[in-house]
Amino acid sequence: MSEAPPEILFLKTMHPLVEAAFEGRFTVHRLAGAADPKALLAEVGPRIRGLCVGGQVDAALMDKVPKLELIANFGVGYDAVDAVEAHRRGIVVTNTPDVLTDEVADLAVGLVLATVRRLPQADRYLREGHWPKAPFPLTASLRGRRVGILGLGRIGRAIAHRLESFGVAIDYHGRSRKADVSYTYYDSLLGMARAVHILIVVAPGGDDTRGLVDASILEALGPEGILINVARGSLVDEAALIAALQAGTILGAGLDVFENEPHVPAELAALDNTVLLPHVGSASEHTRTAMAQLVVDNVLSWFEGRGPLTPVSETPWSPPA
Ligand code: 8YV
């Protein structure tokens, strides 16, 4: 008799490509939409060997899936997964790097332009019929500006590469200086914030970076300063940002991510100097399909005994000797 297929639990609704690829290969259970998710977890948890996730996976959840081998995260950022705890338990975590780099970088540049040149505001101005009465007020510009990138990882580099062609000066801050770039490195975020006009946040979320962009950084960015965040809401002190935008401490903000998604503070939405997006950095058909394919490839590779394709740094994988 052939072995029963491995049982996999989806913690959130997965892309249809994942559903289709697993059909007949795995027994899939779905927590999202279950009538009683707690009861489902209690029933199937002891048999689950793989999790497909986007969202929180902590020790308490891992306790409920004692045979877990693999956590496949749909997304490059896995700050919601306790990967250190997973490693301690011998569980491998994978994410979806590279396949979304260009898409998120495109979006970031779009958000920079939209925020600096007030494109959504200009669109609203036209639709609301103001144009015949007076031209749209002049805006800030990218000309002569310095851009600071917080987090020169894969996506940060792709953003910098695109912005080079806009003729802006590029600075960066992160844990270490990169030997292979000519951009100016700052070992302090405060120092960089003082030097630049536009600060782009693209570093990983999690405890190490929580609240990095606080009132002092916004103050240093100054009244012509613009904050762009395409990383995680947790990196920015949202209350301090709202206060800075209201007081004119900085000029504006373009945000694709928020502290408590999908809930966005009414104060941010009420402001005219914000451009707000519902976390759409990677959200194109093309790129979400590529991300889904990488989730599938990781899970198949693991359960076919070939190891994970894109394990995260906390759970490095080397094939058994
Ligand atoms: C999300 C993202 O994964 O990759 C990331 O880290 O933030 C996004 O691409 C997306 O929201 C998936 O649901």
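The values are calculated or read from the model by the stated rules, or taken from the named source; none is laboratory data. Every value quoted in this text rests on a predicted model; they were computed, and no experiment measured them. Neighbour counts run over all protein chains shown; Cβ positions are idealised from the backbone, glycine included. The protein model used for the area step is the full one, side chains on, heavy atoms only, and it has no ligands, DNA or RNA in it. Shrake-Rupley method; radii C 1.70, N 1.55, O 1.52, S 1.80 Å.
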query: Which ³J(HN,Hα) values in Hz, rounded to whole numbers, follow from the phi angles of the stretch 173-184 under the Karplus curve 6.51 cos²θ - 1.76 cosθ + 1.60, where θ = phi - 60° and Gly and Pro get x?
result: 9, x, 5, 9, 6, 9, 6, 9, 10, 9, 5, 6
message: List the residues, sorted by chain then number, that are 5 or more residues from GLY254 or on another chain and whose placed amide H is less than 5 Å from its amide H.
response: LEU227, ILE228, ASN229, VAL275
field: Simple spin-label estimate for LYS133 and SER176 in nanometres, 7 Å along Cα-Cβ
entry: 5.8
In sequence order, calculated HN-Hα J values of the stretch 73-88 (Karplus, 6.51, -1.76, 1.60; Hz; x Gly/Pro): 8, 7, x, 7, x, 10, 4, 7, 9, 7, 6, 5, 5, 4, 4, 4
For the chain, diffusion coefficient by Stokes-Einstein and Kirkwood Rh (Cα), 20 °C, 1.002 mPa s, µm²/s: 100
- prompt: Among bridges DSSP assigns within the stretch 180-321, what percent are antiparallel (round to 5)?
  reply: 10
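In nm, what is the difference between 0.36 nm times the number of residues separating ALA195 and ALA269 and their Cα-Cα distance? It would help to have the intermediate numbers written out before the result.
Working: separation 74, 0.36 × 74 = 26.64 nm, distance 2.83 nm.
Fully extending the segment from ALA195 to ALA269 adds 23.8 nm.
Counting only other residues whose beta carbon sits under 11 Å from that of HIS279, what net charge do I get with K and R as +1, D and E as -1? Let's see the in-between values first.
Working: positive: ARG232; negative: ASP256, GLU261.
In short, -1.
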query: Per-residue accessible area for LEU199 at 1.4 Å probe radius, Å² rounded to 10?
result: 0
message: Between ALA247 and ALA34, what is the label-point separation in nm under the 7 Å Cα-to-beta-carbon projection?
response: 4.7
- line: With no solvent term and unit scatterers on the alpha-carbon positions of the stretch 101-276, Debye gives log₁₀ I(q)/I(0) at q = 0.15 Å⁻¹ of -0.80
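Please report the antiparallel percentage of DSSP beta bridges with both residues in the chain, rounded to the nearest 5.
5
Do me a favour and compute the ellipsoid semi-axes for the stretch 1-148 from its Cα gyration tensor, root of five times each eigenvalue, largest one first, whole Å.
Value: 46, 19, 14 Å, ordered largest first.
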message: Using the Cα centre of the stretch 101-276 as the reference point, and only Cβ charges (+1 on K/R, -1 on D/E), how large is the resulting charge dipole? Debye, rounded to the nearest 20.
response: 620
statement: Result: in the chain the number of Lys pairs with C-alpha under 19 Å apart, spaced 8 or more or on different chains, is 4
message: Placing unit charges on C-beta atoms (Lys and Arg positive, Asp and Glu negative, everything else neutral), compute the dipole magnitude of the chain about its Cα centre in debye, rounded to 20.
response: 560
query: Residue separation times 0.36 nm, minus the C-alpha to C-alpha distance between TYR185 and ARG88: what's the value?
result: 31.4 nm
query: Hey, what did the stretch 101-276 get for relative contact order, percent, Cα under 8 Å, at least 6 apart?
result: 21
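In deg cm²/dmol and to the nearest 500, what is the mean residue ellipticity at 222 nm of the chain if only DSSP H runs of at least 4 residues count, each as -39500 (n - 2.57), divided by the residue total?
After summing the helix terms and dividing by the residues of the chain, the value is -10000 deg cm²/dmol.
Normalised by the residues of the chain, what does the relative contact order come to in percent, with Cα pairs under 8 Å and at least six apart? Could the numbers behind the result be given before it?
Details: 586 pairs, mean separation 57.0, N = 321.
So the answer I get is 18 percent.
Rounded to the nearest whole Å², what accessible area per residue is found for the chain with the 1.4 Å probe? Don't skip to the answer; put the middle values down first.
On the way: 15820 Å² over 321 residues.
On a per-residue basis, 49 Å².
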- request: Extending each Cα 7 Å along its Cβ direction at GLU304 and ASP106, get the distance between those two points in nm, one decimal.
  value: 2.9
